[in-house]
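Before any comments, here is the structure.
The values are calculated or read from the model by the stated rules, or taken from the named source; none is laboratory data. Everything quoted here is computed from the prediction, not taken from an experiment. All Cβ positions, glycine included, derive from the backbone under ideal geometry; neighbour counts span all protein chains shown. Note: areas computed on protein heavy atoms with side chains; ligands, DNA, RNA excluded. Shrake-Rupley method; radii C 1.70, N 1.55, O 1.52, S 1.80 Å.
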Amino acid sequence: MERGNSRHAGILYKSYEVSVKDWLPRIFIVSLLAVIIGVPFLLHPEASDDSSAETPLSSDSDDLRLILLSPHNEQIRYEIARSFNRWRRAQNKAEIIFDWRSSGGTSDLRKQVITEFENAARNGQKGIGKDLFFGGGDVEHNILAAGTVIKRGDQFEKIEISDTIDLSPDLFEKAFPQPRIADIPLYHPEKKWVGIVLSSFGIVFNRDLLRMYHTSEPRTWADLATPELEGWVALADPSHSGSTAAAYNAILRRLGWTEGWLTLRQMFGNARYFTSSATKVPVDISAGEAAMGMSIDFYGRFQAGAIGGDRVGYVDPLFMSAITPDPITLLRGAPHRELALEFIAWLISPEAQALWQRRVGTPGGPEKFALRRQPIRRDMYNDAEMKLWADQIKPYELAKELPPGMPDFYRTVAPITQAMAIDVQDDLKAAWVALLTHPTHPNRAEAEKAFYAMPEELTLTWPDEDLALNWFVVMSDQSHPRHDEAVNILTTFMKSYEDQYRGERNKDRLLVARLRWTQYFRNQYRQVVQLLK
């Protein structure tokens, strides 16, 4: 009996031993998770009374909230929210919640806003429950300011998107003593948007890769077409990125329609990819994934500063870029309209303007991130202020006016780039490589003609060779006897395009045209390859 009990106890002991061995790893893992989760709470610092310390942007009231659609990066969002709430504390006001919304680049966000307003109008609503559209180029904000159109039965109805920004005339006069930079407005004529900072477009590059490929540092847009960099140029898709569309547009307006597309086509031939996010370009270049790329100025400068040393550089092609405002739009039906107006007024104040360029840790400067943006207020560009800046830039001295009468090609950029390059990238690259590798081929001239050809409706025709070669000089001189003729040719060309493809009524027509252009370019590129075999 004792032996049986002893045997039974032994079995129980062994079972217990096995059970404990099975559970020990589990107990260890659970204990480790408890430590990982609990330590941050134990070590979390108590709230500080120091206004410069990071504070949670929270409020119990939905009235103290701004809902912003913005392509701005996290660094800008953090510094803007922190500084505005610091300013509100100094005014004995409560902090607010910044509710940032983003779904891609500026163009993607603008399309989203238009779609939401169209749907709201169909449902009998005047707004979309959002306050501000903050950031991106002036062209995108002008599109919003123009409103949209919906179809009700057989009728088209105009829908307003942007609301008038009602700020004191004194504030506008101080912030914008001159309403333009070169020939570009700093705010909408009906104040449907207001510029907050200035943007330019340039080239970001990796010095290590340029040395590896024995290529000089870039100075102008044509350097992105350097043959040695085939497959090493990073570009963005202008249908998603408003900044990229503005950069391509600047090239067309500075070089002209024919020469501009020729230069762009060479750049496209060198492209490694066309990303939907313009921020990817400088990041990939700093990582050695590409050697050069087109970038908005602050993306390039920020990445160069973040990497440190001299590995990454940025350059603005002198007098070949556009310096444009980066605006903010008050959306119609904004749920927190008065707070949104207060925020806009603060953004164009000297205190907020200093934040964009001052170095980290300087009085009134950013806490963690150097934003490296160009203030829009002229009075910020003085020696005392600029001593605190990360970049010594003077955009009002660098800006150069376009020839009088030069049309805007912005709306052509995305559909033509897609048809010419993005939708047929493999065929484009094959043709470009064939041209690069057969410089003395008997069919070289015919192949080049095929490569650079444009569909008939996209071909700008001048009446004679003299005007074709000297149009820029002619347009730049308003007293030239052929000035009006040159302007009329360009404006008529663009009017023909817009009459066919611009607006809600012509969306389907543009889609059909883009498919037709895509097939045209594919056939041309394949012809180049055949000619150079």
What does the accessible area of Val360 come to, in Å² to the nearest 10, when a probe of 1.4 Å is used?
-> 70 Å²
Given charges of +1 on the Cβ of Lys and Arg and -1 on the Cβ of Asp and Glu, with all other atoms neutral, how large is the dipole of segment 462-532 about its Cα centre, in debye to the nearest 20?
-> 720 debye
Label-point gap, in nm, between Thr115 and Met212 - each point 7 angstrom along Cα→Cβ | 3.9 nm
Can you give the accessible area of Asp426 in Å² (nearest 10), computed on protein heavy atoms with a 1.4 Å probe?
-> 130 Å²
The Cα radius of gyration of segment 320-394, divided by 2.2 N^0.38 Å with N its residue count, comes to 1.25
Segment Lys158-Ser103, extension gain: residue separation times 0.36 nm, minus the distance between their alpha carbons = 17.3 nm
Might you tell me the accessible area per residue for segment 394-533, computed with a 1.4 Å probe and given in Å²?
-> 55 Å²
What ranking of Glu465, Glu456, Glu485 comes out by heavy-atom accessible area, probe 1.4 Å, highest first?
-> Glu456, Glu465, Glu485
With a ≥ b ≥ c taken as the square roots of the eigenvalues of the C-alpha gyration tensor of segment 79-235, please select rounded if a/c is under 1.5 and otherwise prolate if a/b is larger than b/c or oblate if it is not?
-> prolate
Rank these by accessible area, largest first, 1.4 Å probe: Tyr248, Tyr213.
-> Tyr213, Tyr248
Under the Debye formula (equal points on every Cα, no solvent term), log10 I(q)/I(0) of segment 211-308 at q = 0.11, 0.19 Å⁻¹ | -0.30, -0.92
Carbon/sulfur accessible area of the chain, % of total, 1.4 Å probe, equals 53 percent
Can you figure out the FRET efficiency of Arg180 with Gln530, using R₀ = 56 Å and their beta-carbon distance, to the nearest 0.05?
-> 0.65
What lysines could a cross-link reach from Lys191, if we take a straight Cα to Cα line under 17 Å and drop same-chain neighbours fewer than 8 places away?
-> Lys174
Cβ-placed point charges (K, R +1; D, E -1), dipole of segment 283-360 about Cα centre in debye, nearest 20 | 120 debye
Rolling a 1.4 angstrom probe over the protein heavy atoms, how many square angstrom per residue are accessible across segment 67-139?
-> 37 Å²
Work out, step by step, the length gained on full extension between Asp499 and Arg65: first 0.36 nm times the residue separation, then minus their alpha carbon distance; give nm to one decimal.
-> 152.0 nm
Would you list which aspartates and glutamates come within 20 Å of Lys158, measuring only between C-alpha atoms, while excluding same-chain residues fewer than 8 positions from it?
-> Glu116, Glu118, Glu140, Glu190, Glu498, Asp499, Glu504, Asp508
Across the Cα atoms of segment 113-168, what radius of gyration and what greatest pairwise Cα-Cα distance (Dmax) are found, in Å?
-> 12.3, 42
Considering the options Pro71, Ile97, Leu109, tell which one lies farthest towards the positive end of the dipole of segment 65-110, charges being +1 on Lys and Arg and -1 on Asp and Glu at the Cβ, about the Cα centre.
-> Ile97
Using the Kirkwood formula on alpha carbons, the hydrodynamic radius of the chain in angstrom works out to 26.4 Å
Quick calc, segment 315-389, dipole around Cα centre from Cβ unit charges on Lys, Arg (+) and Asp, Glu (-), nearest 20 debye, gives 160 debye
What full-extension length gain, to one decimal in nm, is calculated for Asp391 and Val473 as 0.36 nm per residue of separation minus the Cα-Cα distance?
-> 26.2 nm
What does the accessible area of Arg211 come to, in Å² to the nearest 10, when a probe of 1.4 Å is used?
-> 140 Å²
Between Ala90 and Gln125, what is the spin-label point distance in nm, taking each point 7 Å from the Cα along the Cα→C-beta axis?
-> 3.7 nm
Describe numerically, in nm with one decimal, the distance between label points set 7 Å from Cα along Cα→Cβ at Glu338 and at Ala384.
-> 3.5 nm
